[in-house]
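Just below is one structure, and these are the notes that go with it.
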Amino acid sequence: MSYLSDVAALARKDLRLELRARDTLPAMLLFVLSTLVVFHFALPTGADEVAAQGLLWVALVFTALLGLARAWAPEREGGALEGLVLAPSDRSAIWLGKSAAVFVFLALIELVALPAFALFFSPLQAEAVLGVLLANIGICAVGTLLAAMAAASRTRELILPLLFLPLAIPLVVGGVGSSVSTDPGRYLLFLGLYDAVFAILCWASFEYVVSE
Amino acid sequence: MIQARAVEKRYGRRRALRPLDLRLERGGFLVVTGANGSGKTTLLRLVAGLAAPTGGELDVGADRGGLGYLGHEPLLYRDLTAVENLDLYGRLYRVPERRERIGMLLERYGLWEVRAERVSSYSRGMTQRLALCRALLHEPELLVLDEPYTALDGEGAELLDRQLAELAGTATVLLTTHDPGRVEPLATSRLALA
Amino acid sequence: MSTSSPNSRVSLVSVPALAALSAALVGLAIVLAFWVAPEDADQGISQKIFYFHVPIALTAYACFGWGAWKALRLLWKGGERYDLESYVAIHQGTIFGALTLATGSIWAKASWGHWWVWDSNQLVLFLVLFLFYSAYFMLRFSIEEGPRRANVSAVYALFGVALIPVSFLAIRLAEDFIHPTTFTRDGPQMTGTMFFAFCVCWLAITLVAYTLYRVELIGKRLDANLRELREILTA
């Protein structure tokens, strides 16, 4: 299907660009590790394990924000976004390709961050990891679209966190719930629901975000 | 190919293009001139479909796959090579025999030697040439060029002259320029924006 | 008062009539809530604020929904007027949202002695929504006027209504692991008179919101018309 091959070509392009520039991923990695260390000092002794699990999600959300702020930078630099919009391919493919690439980046970071968290604080259950993966989908889908909106704004870097954080709250609830609750299944289901609702919304509305 | 009736564009309070009538038949060559801020770029963006008119009617007889656009920005990825850029667009435009076409264009526009180098290392003239290749890649039936000569070096300009001469009559061309004399022989109609 | 903009629909009820009706209803509502309806056995006088707090909250939801509907119309069919209508609706919604938080806070203080409790899911939801819609205005005013701004605002407005149920669900789920408080969360049980008073209040506040919406729309359209006239005269 040519739609999927468009998405693949676009996602590949982003992966190739990051491989070449190597600026965003190392920064995100260092950021998440530094944040975890800060949390160690921010948690007074006696704070329970559960609090630390919650902080993991804070770290993930803000690390994602760091990466998302740069998500559309290559398109901005040479004006390539207009080139993509002009192409006969479906505009939603632009969003999907970019989201997929951001997902890969975030997953790569988590490959280091989650073991680091387990090392610094406490081990993670399988459900928690699944929660991270499901939340990733939501973060990437919504974050990529919001980043495109922010790119249209004068106050680009300032506004992305403001747009993203309220929408990230349900993801944090789902994620923390899957880590600490006695019934993580409910929370995983909820994350799936969030992903479904917002992915469809993003997919349908991206066209309007980039059109004039 | 293009029919515009009282087409205008405003961004809130700012009027970017005053109401305009326009007709360009298939195979025609329209040269648009005008001072900076007269709306040349806006007009071309409307025709290309990058913006929608806020008033009037605009009918463009080519869809996105049949339209080639060259704007003020090169529309390229600075950290990709020429080949990678054109390959991506080639896929998106479903260009048949993509590799051959890319090779042919790069060679024609003198970029074959630097095809594996990143666009960020190119001179302005080279970047503009590559942007031109991008616009021509899918053999568009409608070519919309916004001041293509401005960023081109001498050699590039000659190559463009030759390309436009070849295309005149087969493709429809809409072009803005500060130097109308250069394309005068090819023009079938002219428009001066105030 | 009528708008001269070609964009305005011909409405059945004029704004002054609406304003008069709203004022009358609000007056009636206040009388009913404070003098006619009986005091709640448990909560006493502080329960009275419910007569306003809940309708204000419901009205805020309605405004956000209305704004999202207009946003959908804008994206679906186009038409500059929908952008303005969506914006004004969301503006009203945000005002009523802020009022919800304020009345909720007063009620919390009166009932439990704290200006804020995380206990009330509704209140927490409004906090999240207030943050979300505040960002709407920051977004809108950092983009140059034009179709881009209209489209982006519309998409964001649609995200808002999707967020309302999802957030509510999230807050419910969060009860599990957020430290539960000992406050009771039951709303007042309403007798017949109370219910009647409540309905009148609800109608009154909805009408006030609608009146304000119409007034703001007229004001903004007059603004736009004036600008156009000025341009034509100076061009």
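The values are calculated or read from the model by the stated rules, or taken from the named source; none is laboratory data. From a predicted model like this one, the values you see are computed outputs, not experimental measurements. Don't worry about glycine lacking a Cβ; one is built from the backbone with ideal geometry, like all the others, and counts go over all protein chains shown.
Quick notes on this structure:
- Filter result for C:Tyr87 (touching a residue at least 12 places away in the same chain (Cβ under 8 Å), within 14 Å of chain B (Cβ to nearest Cβ) and either at positive phi or in a helix (DSSP H, G or I) (or both)): yes
- Considering the range C:96-129, the residues that are out of contact with any helix residue (DSSP H, G or I) (no Cβ under 7 Å at 6 or more places or on another chain) and touching a residue at least 40 places away in the same chain (Cβ under 8 Å) include one that is nearest to the other protein chains (Cβ to nearest Cβ), namely C:Asp119.
- Elements of type helices (runs of 4 or more DSSP H) in the range A:126-212, at least 2 residues being free of Cβ contacts under 8 Å to residues at least 12 places away in the same chain: A:156-180, A:184-209
- Checking each residue of the range B:38-54 against the condition of being among the polar types (S, T, N, Q), surrounded by 17 or more Cβ atoms within 10 Å (Cβ to Cβ), under 14 Å from the mean Cα position of the chain (by Cα) and more than 9 Å from every other protein chain (Cβ to nearest Cβ) gives at least one match.
- Of all the residues in the range B:86-108, those that are in a loop (DSSP other than H, G, I, E, B) and either facing chain A (nearest Cβ under 8 Å) or surrounded by 17 or more Cβ atoms within 10 Å (Cβ to Cβ) (or both) number 3.
- Candidates A:Leu96, A:Leu65, A:Leu108, filtered to the one that is within 21 Å of A:Ala9 (Cβ to Cβ), away from chain B (no Cβ under 14 Å) and in contact (Cβ under 8 Å) with a residue 60 or more places away in the chain: A:Leu108
- When A:Ser99, A:Ser5, A:Ser34 are screened for being surrounded by fewer than 20 Cβ atoms within 10 Å (Cβ to Cβ), of a type in the set (Ser, Thr, Tyr) and more than 30 Å from B:Leu143 (Cα to Cα), only A:Ser34 passes.
- Filtered residues of the range C:198-235 (kept if of a type in the set (A, V, I, L, M) and either at positive phi or free of Cβ contacts under 8 Å to residues at least 12 places away in the same chain (or both)): C:Leu226, C:Leu229, C:Ile232, C:Leu233, C:Ala235
- A count restricted to the range A:182-203 and to residues that are facing another protein chain (nearest Cβ under 9 Å) and either surrounded by fewer than 19 Cβ atoms within 10 Å (Cβ to Cβ) or under 17 Å from the mean Cα position of the chain (by Cα) (or both) stands at 9.
- Between C:Glu85, C:Glu144, the distinction of being under 29 Å from B:Thr42 (Cβ atoms) and surrounded by 22 or more Cβ atoms within 10 Å (Cβ to Cβ) belongs to C:Glu85 only.
- Among the residues of the range A:14-29, some residue qualifies, meaning at least one is more than 13 Å from the chain's Cα centre (by Cα), surrounded by fewer than 17 Cβ atoms within 10 Å (Cβ to Cβ), modelled with pLDDT under 95 and away from chain B (no Cβ under 14 Å).
- Contact map, the range C:146-157: first residue under 11 Å from A:Ser211 (Cβ atoms) and more than 13 Å from chain B (Cβ to nearest Cβ), second residue in a helix (DSSP H, G or I) and aromatic (Phe, Trp, Tyr), Cβ cut-off under 6 Å, separation 6 or more or different chains; pairs are C:Val155/A:Tyr208.
- Among the residues of this structure, C:Trp112 counts as one that is in contact with a Phe, Trp or Tyr (Cβ under 9 Å, 6 or more places away or on another chain), at pLDDT below 90, over 30 Å from A:Ala151 (Cα atoms) and surrounded by fewer than 19 Cβ atoms within 10 Å (Cβ to Cβ).
- Candidate set from the range B:1-34 (those that are modelled with pLDDT of 85 or more and part of a loop (DSSP other than H, G, I, E, B)); member that is surrounded by the most Cβ atoms within 10 Å (Cβ to Cβ): B:Gly28
Per-residue answers, yes or no, for (1) under 23 Å from C:Tyr87 (Cβ atoms); (2) at pLDDT 80 or above; (3) touching a helix residue (DSSP H, G or I) at 6+ places or on another chain (Cβ under 9 Å):
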site: C:Phe159; (1), (2), (3): yes, yes, yes
site: C:Ile171; (1), (2), (3): no, yes, yes
site: C:Ala174; (1), (2), (3): no, yes, yes
site: C:Thr211; (1), (2), (3): yes, yes, yes
site: C:Ala235; (1), (2), (3): no, no, no
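- Scanning the range B:63-85 for residues that are more than 8 Å from every other protein chain (Cβ to nearest Cβ) and farther than 14 Å from A:Gly78 by Cα turns up B:Gly66, B:Gly68, B:Val83.
- The residue that is farthest from B:Gly169 (Cα to Cα), counting only those in the range B:118-139 that are in contact (Cβ under 8 Å) with a residue 60 or more places away in the chain and touching a Pro at 6+ places or on another chain (Cβ under 7 Å), is B:Ala131.
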